[in-house]
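**Q** One structure is given below, represented as structure tokens, and several questions about it will come after.
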Amino acid sequence: MKHLSATTIAHAIQAGELTSTAITEHYLARIEQHNPKLNAFVDIYRHQALSQAKQRDDNANCLGPLHGVPISIKECFLYQGTATTLNYPPLKNYQGSQTSPLVQRLLDAGAVILGKTNVPQLLADSQTFGPLYPTANNPFDITRTPGGSTGGGAAALAADLCALELGSDIGGSIRNPSAYCGLFGLKPTENGHSHDGHVPPLPEHKLGFSVMNCTGPLARAPEDLELAFRVLYPQQQLQLESKPLSGYTFGYFDTLHGLTAGQSVQLGLDQLKQLITAQGATLKPVTIDNQLAAQAMELWAELFGFSIAQNLPWLIRKIFYMKFRPALRDSSLTLIPALKRGLSLDFKHLSRALYRRREVIAELNRSFAVCDAVLSPTALGPAFQHNHQHQRIALDGEQIPYMDYCFPFVALFNLSGQPVLTVPTGCDATGLPIGISISAPHHHEGRLLHIGRLLAQNGITFSSPELS
């Protein structure tokens, strides 16, 4: 039963070829075997999951498209009676008094929740570690990160400890883990967190400001992303496109603000370009002006600061800034003044940033106007060695600043609010996965999911790690 897609599991259960109890027991056994090395799950609901599975099996009526399918959810989603700590000591004893509407939709669709997956402190990193939970490890190489902040969920999926993961993304938190673990991941068009049971903002604070935040699924197959999207966002009334790859014009870029993807990512991007042109698609290079890229990154840092700081005490905001200041100073990107403006929570700075954001989005839309979708790197390279001090990362004989390695190519699309699909393009010479991102105009998730299906039909698929 290894590495079955959520769609395959759902069909098998509905056809009477598999029981929810059997597949749930299978995943729980794999969690018991492999999670001690991976630290992918931080909370496992063994008895509750088995009870849910039995209920699904005993129910003669199918609850929905995920009936009986065992899944995981990122630790930051409220689930009544379970811990939601964000790996953040002030919340170490916090348990949700209610369930996220997104989690409830998964349950209403028949899903079985195996547990919650590991996150970095306050979800604010591209790797997954913190004071409350052990460091999450990449199943392709446990000395490396699975990414962040949906790092635990990506590790769980890649190691086949669950069938689907509910994640979130404000700075690559779905896309980098997907790329580092060889998965498919979807960051939808910007969808606010104000009423979806996601933390932050910190729980029990009724705050309405939400910007750049997205919730979305990670999976081992593109059809699972479609399945999850329809369950999570029924109001979107998803319509997949139907034309072949030959009917699309793809843009592409591999350099942003003077930062160029490493050799392994270049090879992955080239592989994708060759595949789509062999299918008759049109390919066009796209250039993003350095000044525009700089503005986008500065605005992302400022708005991220506002979003994360809105209900944090002044002292915690100061500690947060001090934690990342060395990496920010080392970066080729000038982000320190922008982050400080965001953390100040000054309303005039916020208003100006939102105004400038509209201008940057309009300019990016003009840059991408001739393309149906745009290919780009996710990170500069593959999953990196655990790096809690945010030191420089080795890539192709050079030492790359931490912020430069992890964030520019993903943060651009958080700032723009566009939907992005990350797809696996196989592994590099060292066996580490490489993921490439495909963006589309706002509200064109149906296009991205259709392209994902076409790519999967042409060999773009998940490759499993060798687990001891």
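The values are calculated or read from the model by the stated rules, or taken from the named source; none is laboratory data. Remember, it's a predicted structure, so these values are computed and weren't measured experimentally. Ideal geometry is used to build each Cβ from the backbone, glycine not excepted, and the neighbour counts take in all protein chains shown. Quick note on the areas: whole protein, heavy atoms, side chains included, nothing else; ligands and nucleic acids left out. Shrake-Rupley method; radii C 1.70, N 1.55, O 1.52, S 1.80 Å.
**Q** Rolling a 1.4 angstrom probe over the protein heavy atoms, how many square angstrom per residue are accessible across the stretch 316-468? Present the calculation step by step, with values, prior to reporting the outcome.
**A** Numbers: 6280 Å² over 153 residues.
On a per-residue basis, 41 Å².
**Q** Under a point-charge model restricted to the Cβ atoms of Lys and Arg (+1) and Asp and Glu (-1), what is the dipole moment magnitude of the stretch 1-142 relative to its Cα centre, in debye to the nearest 20?
**A** Dipole size: approximately 120 debye.
**Q** About the Cα centre, and with charges only on the beta carbon of Lys, Arg (+1) and Asp, Glu (-1), how big is the dipole of the stretch 1-55? Nearest 20 debye, please.
**A** Details: 5 positive and 4 negative charges, 20 e Å.
In total the dipole reaches around 100 debye.
**Q** A further question follows. Within the chain, which is the longest segment that contains none of the GluC sites (Glu not before Pro) sitting in a DSSP loop with at most 11 other Cβ atoms within 10 Å?
**A** 205-465
**Q** Pull out the extension gain between R352 and Q389, defined as 0.36 nm times the separation in residues minus the alpha carbon to alpha carbon distance; nm, one decimal.
**A** Taking R352 through Q389 to full extension adds about 10.0 nm, to one decimal.
**Q** I've got another one for you. Sorted by average packing, counted as other Cβ atoms within 10 angstrom per residue and highest first, what order do 100-112, 52-64 take?
**A** Numbers: 100-112: 22.2, 52-64: 15.2.
Going by the mean number of other Cβ atoms within 10 Å, highest first, we get 100-112, 52-64.
**Q** In whole Hz, with x marking every Gly and Pro, tabulate ³J(HN,Hα) for the stretch 227-234 from phi via Karplus 6.51 cos²θ - 1.76 cosθ + 1.60, θ = phi - 60°.
**A** Karplus values, whole Hz, x for Gly and Pro: 4, 5, 4, 5, 6, 6, 10, x.
**Q** Which one of P134, P203, L312 is farthest out on the positive end of the charge dipole of the chain, using unit charges on Cβ (Lys, Arg +1; Asp, Glu -1) and the Cα centre as origin?
**A** L312
**Q** Residues in the stretch 87-106, backbone N under 19 Å from the label point at Q48 (7 Å along the Cα-to-beta-carbon vector): list them, ranges by number please.
**A** 87-88, 91-106
**Q** Same structure again: Report the percentage of all Cα-Cα pairs in the stretch 132-204 whose separation exceeds 18 Å, rounded to a whole percent.
**A** When all Cα pairs of the stretch 132-204 are counted, 40 percent exceed 18 Å.
**Q** Here is a follow-up. What residues have an amide H closer than 5 Å to that of L395, excluding those fewer than 5 places away on the same chain, when H is modeled at 1.01 Å from N in the peptide plane?
**A** For L395, whose amide H was placed from the backbone, the distant partners under 5 Å are I400.
**Q** When semi-axes √(5λ) of the Cα gyration tensor in Å is calculated directly from the model, which label among (1) 89, 32, 15; (2) 46, 38, 25; (3) 31, 27, 21 fits?
**A** Derived directly from the coordinates: (3).
**Q** Placing +1 at every Lys and Arg Cβ and -1 at every Asp and Glu Cβ, with all other atoms neutral, what dipole size does the chain have around its Cα centre, in debye to the nearest 20?
**A** On the way: 35 positive and 36 negative charges, 203 e Å.
Here the size comes out at about 980 debye.
**Q** While we're looking at this one, here's another question. Calculate how many DSSP beta bridges within the chain are antiparallel, expressed in % of all such bridges and rounded to the nearest 5.
**A** 70
**Q** If each residue of separation counts as 0.36 nm, what is the full-extension length gain between T249 and E398 once their alpha-carbon separation is subtracted?
**A** Extending this stretch completely gives an extra 50.2 nm.
**Q** While we're here: Using θ = phi - 60° and the Karplus relation 6.51 cos²θ - 1.76 cosθ + 1.60, list the HN-Hα couplings for the stretch 133-147 in order, rounded to whole Hz, with x at every Gly or Pro.
**A** Each residue's phi maps through the Karplus curve to give 10, x, 5, 7, 10, 7, x, 7, 6, 6, 7, 10, 7, x, x Hz.
**Q** Ok, one more. Suppose we look only past 21 Å in the calculated P(r) of the stretch 355-468. What percent of the Cα-Cα pairs does that tail hold?
**A** 49
**Q** Here is a further query. Just report the Cα centroid separation between the stretch 276-332 and the stretch 101-125, whole Å.
**A** Computed from Cα coordinates, the inter-centre distance equals 25 Å.
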